[in-house]
Each structure stands twice: as structure tokens, then as C-alpha cells.
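The values are calculated or read from the model by the stated rules, or taken from the named source; none is laboratory data. Only a predicted model underlies this, so the values are computations on that prediction, with no experimental measurement involved. FYI the Cβ positions are ideal-geometry reconstructions off the backbone, even for glycines, and counts take in every protein chain you see. To get the accessible areas, we keep the full protein, side chains included, count just its heavy atoms, and leave off ligands, DNA and RNA. Shrake-Rupley method; radii C 1.70, N 1.55, O 1.52, S 1.80 Å.
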Amino acid sequence: MSNNEYDVVIVGAGCAGPAAAKKAAELGLKVILFEKSQVPGEKNVSGTCLNGAALVDPDLHYLMEGPVEREIREMRTYHINKDRTTVFHEIPSEGLLLLSIRRDHYDAWHVEEAKKAGAEVRLSTTILDIIEEDGYVKGVVTDTGEKFYGKVVIDAAGVNSIVGRKAGLIPKRKGTNMILYVTVCVELGEEVINERFGDCIEYYLSPGIQHKTWPWIFPKKDTVTLGTGGYMDENLLNDEFPNINKYMENYLNLPAVKKKLEGGKIVAWGLHLEYDEKIKQRVKNGLILTGEAGGFVIPFLGEGMVEAYFTGIYAAQAAANAIETNDFSKEKLAETYETLISENLFMQTFRHIAAVNKEAILTKTDEEITQMMQQVIMGGGFISNAVHTNWMNGVEDQDMERIQDAYDFLELMKPYAQVDPYFENLYNERKRK
Amino acid sequence: MKFEIKVEYYPGDTGEFIKVIEENCTGCGDCAKFCTRDVWQPDGAIYRPVNLKDCVECGACWNVCEFDAVIFNEPKGGTGVRFEYG
Ligand SMILES: Cc1cc2nc3c(=O)[nH]c(=O)nc-3n(C[C@H](O)[C@H](O)[C@H](O)COP(=O)(O)OP(=O)(O)OC[C@H]3O[C@@H](n4cnc5c(N)ncnc54)[C@H](O)[C@@H]3O)c2cc1C
Ligand code: SF4
Ligand code: SF4
């Protein structure tokens, strides 16, 4: 192989990219990873909490060794309207739920892990085009015009990936498929956060602070991140909300939130798109789309990083199998890739929960959503809403099958609805000293 | 708390990574409406990405333009927006 020829070329060092690079290197492949930013995690990637229900998968155990900001054990939801504030406190069970991280630190660590495994990494290098020959994607072109060839190209360049766009797989999206998110990071100091948030993430629902999403506050070590936004449909922006920042402004000024942030200062602002739909076709001859580039994200559940890790790893495995048989056709790539995805119970169950909840959210007013969540949140929030909705619809339509479905799903979800001490034990063994 | 936009940029020339295709642009203004950073400004009958140095590379303008009038590329390696804290 000459200098610019690789087994696998990977674009994007967010979540999926380093995971794919590390796996591919471990499988003995010659691999190069490109990232446009100077420090991985500093472009608009966002995302802060890693879900323990996914990290217990052996493929992801190593991620517990990364730099963690805060261990999350509880969840609080506030419903605030003119008349009253209702607070729901959800602790699915005693134990560790999520790991709160800072992407600039965490992604940078992850890239180092990929390097240690043998991957070559080029930072500050933007990929601007793909090389296609004889119906196959054969490589990529950098912003300086340099060409790099790979038997398989893995697209891990996120929501607007230019790789997937050039390959004709990523379309333009808006309406109820795309969410525009604004975030701010508020510095409060570790002690204040311990006092006001502790190990708890918070969700808020109140008129004027969101458009069919779920505003949140995720505590890190000495900062907290707030996020809100909405589906990019015709009702997102209007005279009252000329701009997405207006939702954030109202959010910051909710009395309950204001009090929690008292004395703090905004140290960063962010703006992100998040896709909420499957990308129809995720492989092409010589190319695999992973993570958010492949539509593997569930914005409504704040879930996308772990899906990106899984799909990055699976793409590396698919590339290895293709290389072994010297067959880089989309059929060959899909064979391994789609099988591994369909066998991942975490991804399948969370997709189901998200689909049911999205349907509910899109068809109801914010007020109705508040009411709906009040009925179900005590039993476990989004998970029980998925069960509850099926169940109630079944009762309404006298459809025993839907009720049975709901029941079966509840059984299937059991391991995820409660937090197994297994995650906490694993994490304690693995975490940095 | 007073809302504030605090955003950092890497030094260096990003290049003209967002452009308008003049003959496709109908002047509908959707790009400007969805751009949180006021990059897109009216210029006669069309819109142009004028304040590109304020762009945060979110891609909203490209996604919402129904007339394929937005060229949305990437800034040169190591330049453009930088979100500390990720
Ligand atoms: C506000 C918000 C909050 C979220 N919170 C959570 C959460 O709490 N938990 C969770 O699991 N998920 C969360 N998500 C989702 C999560 O952030 C994404 O699903 C995840 O980052 C996707 O990972 P990825 O590797 O596919 O893409 P990204 O993380 O977006 O990484 C893509 C990388 O590719 C690089 N890149 C892009 N184009 C090029 C190019 N042309 N050349 C070179 N490099 C390029 C980028 O700089 C970037 O580093 C959140 C998302 C948002 C918007
Ligand atoms: S959205 Fe497209 S067509 Fe409309 S003004 Fe902007 S560039 Fe022109
Ligand atoms: S990418 Fe985002 S910030 Fe940049 S011009 Fe387009 S809409 Fe505005």
C-alpha cells in the first residue's frame, strides 16, 4: 500500500469516528481518521450524557475509562404554568444512570485511544469531497486537495456530513424531522452545583421555553449546560419567537431556573441541528454512514452518542469482513452492518420508545403533553409513556393485541427500566482513579 | 440570568464556505429566518451570506432552502467556530 492508501478512511472525530478507528485498528486494519477541528469535540457536536443502559454492552465498556464530569443518579422534571409548579422526581432505582461528560475533553481522549490502538489521525483537516470510481466510493479529498484512498470509507461527520451529501445519501431536512437546538453553558463552581443539582439532571416544561422538545439542564463538574429548541416546522419562529434564542432567554428567566443559576455566568453558547428520522440508505458501494450522519440518533430521548459508538464499531467490523472477502459492495457491507444493528437490543428498544413518544408529542399541544407526562412520569417517564400509550389506545379501540404488545414490551424493557447495580460495579472498576 | 451569546472562533481564514447560487435564489428569506447568527442579508431581490465570520456551521440555511440556492461547504481545517465544552 502506498502512502495515501488505507484499508479504512474515516471522516469525523466526534463519537462514531474514534470508535470506528479504534475498532478497525484493533482488527489489524490500516486506518486514518480525519477531523476538521483543532481539538476533537470543539465543533458543534454537543451531547453530554452517556446512557448506562448502553455502556453495559461489552463493546462499550472501555468508554467508562474516559474523563467523566459527573455521575448522574437521578432525574427531576418540572411542569410550570401560571398557576403552579409540579415537580416529579424520578429515580428508576438506586444506582448510576448516566455519565455526564464534556465533549471537548471526552472526544479528545477517545481519539488518543484510537491512536494507541494504531490509528493514524489528522486533526485540522477538512474533507471536502469523495472520490468515486466505477460506482464505488474509493476515497476522500481534503481542503488542500490531497487525496486519500480507502477500501472502505466510513462517514462519521455528523448531522450535515458533506461525505453523505456528496454520496447522495443525506438529503435536506426540516419540519418535524429536524430539531434546532440552542445551548448555554453556565459556570457555577463545583460546590454550588453539588448543592443545587447534585447528581440529578433536570427537565422543564413550560409555555414559551420550547417548541415540542424537552428543555434540560445537565450538570457537569463546575458548569451546567442548558438546552432547548424545537422542530424546524412553520411554527418554530414567528413574531413572538423571531429567533431560537428567544426560547432560551425565556428558559433562563423562568423563576425556578433563574434561582438555580443565581450567581452563575454564561461561559459558552452553542447552536446545533439534530436529525430525527432514519436515513433511508446507510451504505453505498465502498461507503458506510454511521452515527448522526446515518440518522442514528433519538433527539427526543437525548440519545445519540451511544448509537454513534455502536454504529462506528459495527462499521469497522463490516469493513473488516468486506476486506477479508475483497468485496466492497453495498450488499456485502450491509450484511454485517445491518445485522449487528438489528441484533442490538438497546438500539431497537430505544427506537421504539422514541417513535411512540414522538407521535404523542407531535399530535398534542404543549399543555396536553404536560398533562400526559404527569400521568405517566411517576412510572418511569418516557419508557412508561411508550407502554402507556399503546395500552390506552388498545383499551380505547378494544384491541387486545395492542395491549398484549404493550405488555410484552414492558417485559422486554425491564432490564433497561431499572438500573442494574451491574453498571455501577463495572464503572467503579473501570473509572479513572 | 442575562442571556448572552458567547462563542469563540479559531483564528485563520475559513474561506468562502457558504455561498448563494444567484440564479436559484428566489429571495424567499428562509435562510435568513433560520440563521441565528444573521449571516444572511437581503441584497436587492436575493439574499447573500454576508457576515460569514459569525457563522457557526449549523447548516440550518442549507437545510431550509427549498430552491437549492445555498452552497454549504466546510471551513478550512482548523478554522471556524469553536465550541468550548463541546
Ligand atoms: C443539544 C444536544 C444535546 C445532546 N445531548 C445528548 C446526550 O445527552 N446524550 C446523547 O447520547 N446524545 C446527545 N445528543 C446527540 C449527540 O450529540 C449526537 O448524536 C452525537 O454527537 C453524534 O455523534 P457522531 O459521531 O455521529 O457525530 P458528531 O459528534 O457530530 O461528530 C462529527 C465530527 O465530524 C467532524 N466533521 C464534520 N464534517 C467534517 C469534514 N467535512 N471533515 C472533517 N471532519 C468533519 C466534526 O467536527 C465532528 O467532530 C445531543 C445533541 C444535541 C444537539
Ligand atoms: S432560502 Fe434559498 S431561495 Fe430563499 S432567500 Fe435564502 S438562498 Fe434564496
Ligand atoms: S450554517 Fe447556520 S450560522 Fe452559518 S449561515 Fe447557515 S444558518 Fe447561519
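The table that follows gives values for the structure above.
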read-out: Those lysines that a straight Cα-Cα span of less than 20 Å connects to residue A:265, excepting residues fewer than 8 apart in one chain; value: A:220, A:221, A:246, B:2, B:6
read-out: Members of A:22/A:166; A:22/A:260; A:36/A:259; A:259/B:33; A:284/B:19 lying beyond 30 Å, as alpha-carbon distances in this model show; value: A:22/A:260; A:36/A:259; A:259/B:33
read-out: DSSP beta bridges in the protein assembly as shown [antiparallel fraction, %, rounded to 5]; value: 70 percent
read-out: Estimated dipole of the protein assembly as shown in Debye, rounded to 20 [Cβ of Lys and Arg +1, of Asp and Glu -1, Cα centre]; value: 920 debye
read-out: Over the protein assembly as shown, volume per residue of the alpha carbon convex hull, in Å³; value: 153 Å³
read-out: Average beta-carbon neighbours from other chains, 10 Å sphere, peptide A:40-50; value: 4
read-out: About the Cα centre, charge dipole magnitude for region A:261-352 (Lys/Arg +1, Asp/Glu -1 at Cβ), debye; value: 180 debye
read-out: Shielding by other protein chains, A:179-187, mean Cβ within 10 Å; value: 3
read-out: Percentage relative contact order, region B:8-82, counting C-alpha pairs under 8 Å, at least six apart; value: 48 percent
read-out: Mean-position separation - Cα centroids, region A:234-295 and region B:38-69, in angstrom; value: 19 Å
read-out: Whole-percent carbon and sulfur share, accessible surface of the protein assembly as shown, 1.4 Å; value: 47 percent
read-out: Helical mean residue ellipticity (222 nm; -39500 (n - 2.57) per DSSP H run of 4+; nearest 500) of chain A; value: -12000 deg cm²/dmol
read-out: Accessible surface, per residue, of chain A when the full set of protein chains is kept, probe 1.4 Å, Å²; value: 39 Å²
read-out: Cα centroid separation - region A:17-55 against region A:299-359, whole Å; value: 15 Å
read-out: Other protein chain Cβ atoms within 10 Å, averaged over every residue that makes up A:103-110; value: 2
read-out: Among A:305-317, B:40-52, the order from most to least packed when residues are scored by Cβ within 10 Å on average; value: A:305-317, B:40-52
read-out: Sequence-separation-based contact order of chain A, relative, with Cα cut under 8 Å and 6+ spacing, percent; value: 20 percent
read-out: A versus B: buried accessible surface, summed, Å² (probe 1.4 Å, to nearest 100); value: 4200 Å²
read-out: Under the span-like rule (Cα at least 20 Å along the axis, Kyte-Doolittle mean at least -0.5), DSSP H helices of chain A; value: A:305-325, A:345-363, A:381-396, A:400-417
read-out: Where GluC sites (Glu not before Pro) fall in DSSP loop in region A:109-206, at most 12 other Cβ within 10 Å; value: A:146
read-out: Full-stretch length increase - residue A:117, residue A:425 - with 0.36 nm per residue and alpha-carbon distance subtracted; value: 108.3 nm
